[in-house]
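In what follows, a structure is listed as structure tokens, so that the remarks can point back to it.
The values are calculated or read from the model by the stated rules, or taken from the named source; none is laboratory data. Values in this document were obtained by computation on a predicted structure and should not be read as measured data. No Cβ is skipped: glycine too gets one built from the backbone with ideal geometry, and neighbour counts run over all protein chains shown.
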Amino acid sequence: MRIKAKNRRRSPRKPGNIWSVLALGFVAAGGAPSLPALAEGAVDAARGKQLSYLVRQDCGSCHGMTLKGGLGRPLLPETLAGADARTLAAIILDGIPGTPMPPWRGQIDETEAMWIARALKEGTIE
Ligand code: HEC
């Protein structure tokens with residue numbers, strides 16, 4: 001699959017604002033993220049390893065194997081510091097419409113999306 005570079009928005013958004021902008025975008029689109037029943041620590045060690053592998057391989061194809069960015073922006077603790085984990089989980093589950101960022105709902109559930117969001121923020125992806 002080839003992704004057209006022109007679909008990529010390159011507008012210089014201020015880093016501090018992007019998360020609220022994204023969240024507002026979801027609300028405006030009528031798809032406000034609501035992840036009410038997010039269990040903490042409900043991902044066991046074996047599934048955690050699988051999710052880490054998924055992030056490195058599948059997310060890594062766009063965000064870089066070391067998550068330092070590529071087609072998608074870096075997913076490193078310092079770049080995600082200002083982001084709410086729930087907003088990140090919603091992005092992971094539903095993607096960002098109009099961009100190459102795909103939805104992952106169906107492959108991972110909400111608890112797992114929260115696990116990935118936290119692990120990215122904490123830099124604990126194996
Ligand atoms: C086909 C390429 C592609 C894949 C695969 C992909 N992403 Fe993305 N992702 C993107 C792009 C491009 C953006 C930026 C979209 C935009 O212009 O706002 C993005 C944005 C994001 C964002 C919001 C932060 C940001 O950089 O704007 C998060 C969080 C994210 N991706 C996580 C993931 C995770 C976790 C996975 C794997 C489960 C994943 N992505 C897989 C392309 C991809």
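The condition of being within 12 Å of the ligand (Cβ to nearest atom) and at pLDDT below 95 holds for only one of Gly69, Gly95, that being Gly69. Within the stretch 5-26, identify whether any single residue is assigned to a loop (DSSP other than H, G, I, E, B), surrounded by 11 or more Cβ atoms within 10 Å (Cβ to Cβ) and modelled with pLDDT under 95, and answer yes or no. Yes, the stretch 5-26 has at least one match. Among the residues of the stretch 74-87, is there at least one that is more than 13 Å from Cys59 (Cβ to Cβ), near the ligand (Cβ under 8 Å from one of its atoms) and loosely packed, with under 15 Cβ neighbours inside 10 Å? So far as the stretch 74-87 goes, no, none of its residues is more than 13 Å from Cys59 (Cβ to Cβ), near the ligand (Cβ under 8 Å from one of its atoms) and loosely packed, with under 15 Cβ neighbours inside 10 Å. Go through the residues of the stretch 108-123 one by one and say whether even a single one is under 18 Å from Ser52 (Cα atoms), near the ligand (Cβ under 9 Å from one of its atoms) and in a loop (DSSP other than H, G, I, E, B). No, every residue in the stretch 108-123 fails to be under 18 Å from Ser52 (Cα atoms), near the ligand (Cβ under 9 Å from one of its atoms) and in a loop (DSSP other than H, G, I, E, B). Those helices (runs of 4 or more DSSP H) of the stretch 47-103 in which 2 or more residues are farther than 14 Å from Gly123 by Cα and touching a residue at least 40 places away in the same chain (Cβ under 8 Å) occupy 85-94.
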